[in-house]
Amino acid sequence: MNAHVLTLNAGSSSLKLGLFALGGAGPAPVAAGLVEKIGATPRLELRDAAGDIFADRPLDPESAASHAGALDAALRELEARHPGARIEAVGHRVVHGGMGFTAPTVLTPGALDALETLTPFAPLHQPHNLSGVRAAQAAFPEALQIACFDTAFHRSHPFVNDVFAIPRAYYDKGVRRYGFHGLSYDYIAGTLAERAPMLHAGRVVVAHLGNGASMCAMQAGRSVASSMGFSALDGLPMGTRPGQIDPGVLLYLMQQEGMTAAEIADLLYRRSGLLGLSGVSNDMRELEASDAPEARQAIEYFVFRIRRELGALAAALEGLDALVFTGGIGENAARIRADVCAGMGWIGIALDAARNEAGAEIVSSDQSRVRVMVIPTDEEIVIARAAAVLAGAPGQDRVPRG
Ligand code: ADP
């Protein structure tokens, strides 16, 4: 059996890919990696299923100046390592599915056109995602192309968590709280369903804390609220994004500081958040290692906003049964988890310091009314499973959903 699926996550200057073998119980990881710094000094890195690197080299900047060139270079390495691997389907991470795309979708020409029209909703991400689709279509004209959306998991939001109080016409035009990181939340919901079905059936807040960060309130495995809204700027402060900000600040920047929309976009996407506040770094490890008081304040603000959002999401859920940490910071930064949970006894959280330091799966104490867990996320396997289902791979009869 040499049928495989490929997963692609195309960003502005990077292309992450995963190769999965089909057959058996579900897609099995075979290789994964990325091309980074596309358009500047591209570099390819590929690992096998055990995590051992088998390709790590710079690429020719001219031939890998686009996603298509980068994909081509990565595929040559993969083919050399896994000759005969036949790609049945390519699963793409697509940031925005708008109001219409509520599940993984086979990319017909019509669906692709519809996704192009959503570019104004995510101008910094959607065009790159779709250029990854075009690159894969050229490389695998016979394979199914499948889109998996960061927004889809949140389409179950009730009206009050989907709307802004601006004139109704904008809501009808799609100015809504979409929410993002849906593939990660889908993975966590599915994992909870397997490992802790009672919690999965209850009220759970998931904190996806990476370079991008958001939180999601789930009831019975379905999203009822998210800290991210119309764009991936809202909610928690992130590496370089501010999180929630009074819109009056943006008016002030335009009217008094004379900033253009492009300058404000640059401020909000690239110069704010942990980087902007600390003046040191967007990277949590560097902030934790820094002696600068501004670095400490940036971490304090990050923790404060997570705690505040936790209270708000617990209110939306009318209680809390579990808190799950995931993402690079959520999975690895024991100190951040401890600071978030400190003083949360009122909501029923009691952390076990030793379990937390050890990075155990359950980091709350046995007496804690709310279970606190650390679950490493895996967005690629969510994409691979969806692609396997839509490609009709044996052993896959439904799109896994939390
Ligand atoms: P992305 O959103 O780009 O996928 P990740 O989920 O990989 O990002 O998270 C990256 C963040 O995780 C960075 O801020 C990094 O410093 C942080 N991180 C990773 N490992 C640790 C660690 N051991 N301690 C603290 N922070 C960590």
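The values are calculated or read from the model by the stated rules, or taken from the named source; none is laboratory data. What you are looking at is a predicted structure, and each value in this text was computed from that prediction instead of being measured. Glycine also receives a Cβ, built like all others from the backbone with ideal geometry; neighbour counts cover every protein chain displayed. Protein only, heavy atoms only, side chains kept; ligands, DNA and RNA dropped before computing areas. Shrake-Rupley method; radii C 1.70, N 1.55, O 1.52, S 1.80 Å.
Okay, here's what the table says:
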| quantity | calculated |
| --- | --- |
| Cα-based equivalent ellipsoid, the stretch 72-193: semi-axes from gyration tensor eigenvalues, Å | 31, 17, 11 |
| Sulfur and carbon atoms: percent of accessible area, the chain [1.4 Å] | 53 |
| Normalised alpha carbon radius of gyration of the stretch 1-117 [divisor 2.2 N^0.38 Å] | 1.13 |
| Environment charge at Asp321 (Cβ cut-off 15 Å; Lys +1, Arg +1, Asp -1, Glu -1) | +4 |
| Size of charge dipole - the stretch 188-329 - debye, nearest 20, with Cβ of Lys, Arg +1 and Asp, Glu -1, no other charges | 360 |
| Dipole magnitude (debye, nearest 20) for the chain, charges at Cβ of Lys, Arg, Asp, Glu | 780 |
| Sum of -39500 (n - 2.57) over DSSP H runs of 4+, divided by residues of the chain (222 nm, nearest 500) | -11000 deg cm²/dmol |
| DSSP-loop trypsin sites (Lys or Arg not before Pro) across the stretch 118-195, with at most 11 other Cβ within 10 angstrom | Lys173 |
| Cα centroid separation - the stretch 140-161 against the stretch 330-351, whole Å | 31 |
| Net dipole in debye of the stretch 93-192 [+1 Lys, Arg Cβ; -1 Asp, Glu Cβ; about Cα centre; nearest 20] | 260 |
| Overall Cα dimensions of the chain, principal axis frame, Å, largest first | 57, 55, 47 |
| Heavy-atom surface of the stretch 271-336, accessible at 1.4 Å and reported per residue (Å²) | 47 |
| Per principal axis, descending, Cα span of the stretch 253-319 in whole Å | 44, 33, 17 |
| Residue among Thr151, Trp346, Gly110 farthest towards the positive dipole end of the chain, charges placed on Cβ | Trp346 |
| Positive-end residue, the chain charge dipole about Cα centroid, Cβ charges, pick of Val163, Gly210, Ser66 | Val163 |
| Where trypsin sites (Lys or Arg not before Pro) fall in DSSP loop in the stretch 307-384, at most 16 other Cβ within 10 Å | Arg369 |
| Share of alpha-carbon pairs per 5 Å distance bin for the stretch 200-315, given as whole % | 2, 12, 19, 20, 17, 14, 10, 4, 1, 0, 0 |
| Centre separation in Å (Cα based) which lies between the stretch 229-265 and the stretch 53-71 | 34 |
| GluC sites (Glu not before Pro) restricted to the stretch 222-315 and DSSP loop, no more than 12 other C-beta within 10 Å | Glu257 |
